[in-house]
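The values are calculated or read from the model by the stated rules, or taken from the named source; none is laboratory data. It should be emphasised that the depicted structure is a prediction, and the values quoted were computed from it without experimental measurement. Cβ placement follows ideal geometry from the backbone for every residue including glycine, while neighbour counts extend to all protein chains displayed.
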Amino acid sequence: MNAAQFENVTQVFGDFTAVDGIDMAIPAGKLTTLLGPSGCGKTTSLRMLAGYTRPTAGRILIDGVDVTRTAPEKRGLGMVFQSYALFPHMTVADNVAYGLKLRRTPRAERDARVAEALELVGLAHLAGRKPKALSGGQQQRVALARAIAIRPKLLLLDEPLSNLDARLRVQMRSEIRRIQAETGLTVVLVTHDQDEALEMSDEMILMRAGKIMQQGAPAEVFGSPKNRFVADFLGYENFVRTAGGLVTVRPEHVEIVPGTVSPAGGLALPAIVTDVAYRGVDQIITVVSRDDGGEITLMSDVRADAAPRVAVGDDVVVTAPESRLISIEN
Ligand SMILES: Nc1ncnc2c1ncn2[C@@H]1O[C@H](COP(=O)(O)OP(=O)(O)O)[C@@H](O)[C@H]1O
Ligand SMILES: [Mg+2]
């Protein structure tokens, strides 16, 4: 069952096409991420789903109903932006109650839902505080509680973690997963961070320049990138043009062997070491080589303690087993 669907949706601003005829399905009761580099159309897609921007062309369905022309407040969605936009003069509880008041939810039910939402995000003890007395992470949870309290059909989160410091950001990933699992809400989360998307998603939709490049479960997309853009975005550093087409292989699956003798089978390219970067647990060895198209740079990520001792300028062979080579479109 799909909670939402885009059918050939386009958004044009002036002469610029921000979203270019996309089809996508948001599965119900799951966490779907829209992932891609800055400017690829993630926020525009989310805003069209929320109803803040009307598509130039195409249809948007929520629960199977065409909402393309439905006002945002009639779509029953909860939204959290990068900036939490809490009301500074209201208490935490009043902030969370805000959407329920707008909907004229009766007092008793409102209080119960506010308490429940604050419980869910672990802030019941701070209900009487003002936002400025809270940390960034706590403010983020208030914004989440406010969006959840209205029991939205869809919870839309636009880069909700990007204003948090690195450690808290990683904590909040599993926190949002837990909240999603406990509530069974359909969540659409926008991020430009591939680690965040891989860790949090049931379903991942990778965008580039207004188009969808690939959609699927994280392990599916990560394990079988369709094209060079997807592979590159997910950390495949090595691209080799062979007689049979373009192949890619992850740095952690590449080995650099000293000398000039190639082992049989798989990838085996003579190369020269150009950089060795020590990183504690591992090290990154960079080499230059040649493929069917000309000079290429390749990278190997190996455990620091297991690494063969190679130095800049050494003649080496770059190897990878056949099973790790993935054929992709350019
Ligand atoms: N209201 C607007 N008017 C003109 N251009 C816009 C508007 N909103 C977004 N854009 C442009 O559309 C592109 C996609 O923007 P956006 O959806 O915000 O990207 P993302 O969220 O993936 O970073 C960007 O190039 C942006 O500058
Ligand atoms: Mg954005």
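Here Gly39 meets the list (1) surrounded by fewer than 20 Cβ atoms within 10 Å (Cβ to Cβ); (2) within 14 Å of ligand 1 (Cβ to nearest atom); (3) at negative phi; (4) not charged (D, E, K, R) almost entirely, failing just condition (3). Mind listing just one residue for me: the one in segment 53-77 that is at negative phi, surrounded by fewer than 13 Cβ atoms within 10 Å (Cβ to Cβ) and assigned to a loop (DSSP other than H, G, I, E, B) and, of those, nearest to ligand 2 (Cβ to nearest atom)? Residue satisfying both the conditions and the ranking: Arg54.
For first residues located in segment 36-52 and free of Cβ contacts under 8 Å to residues at least 12 places away in the same chain, partners that are more than 7 Å from ligand 1 (Cβ to nearest atom) and not hydrophobic (A, V, I, L, M, F, W, C) and lie 6+ apart or on another chain with Cβ distances below 7 Å form the pairs Arg47/Thr53. Among the residues making up segment 165-190, those that are closer than 17 Å to Leu154 by Cα and either outside any helix (DSSP H, G or I) or not β-branched (Val, Ile, Thr) (or both) are Arg177, Arg178, Gln180, Ala181, Glu182, Gly184, Leu185, Thr186, Val187, Val188, Leu189, Val190.
Quick one: count up the residues across segment 229-248 that are within 9 Å of Ile328 (Cβ to Cβ) and under 15 Å from the mean Cα position of the chain (by Cα). Residues in segment 229-248 being within 9 Å of Ile328 (Cβ to Cβ) and under 15 Å from the mean Cα position of the chain (by Cα): 2 in total.
Condition first: within 18 Å of Gln140 (Cβ to Cβ), assigned to a loop (DSSP other than H, G, I, E, B) and at pLDDT below 95. Can you find one or more residues in segment 92-105 that meet it? No - not one qualifying residue is present in segment 92-105. Of the residues making up segment 230-254, those that are touching a strand residue (DSSP E or B) at 6+ places or on another chain (Cβ under 6 Å), outside any loop (DSSP other than H, G, I, E, B) and under 13 Å from Ser289 (Cβ atoms) are Asn238, Phe239, Val240, Arg241, Val249.
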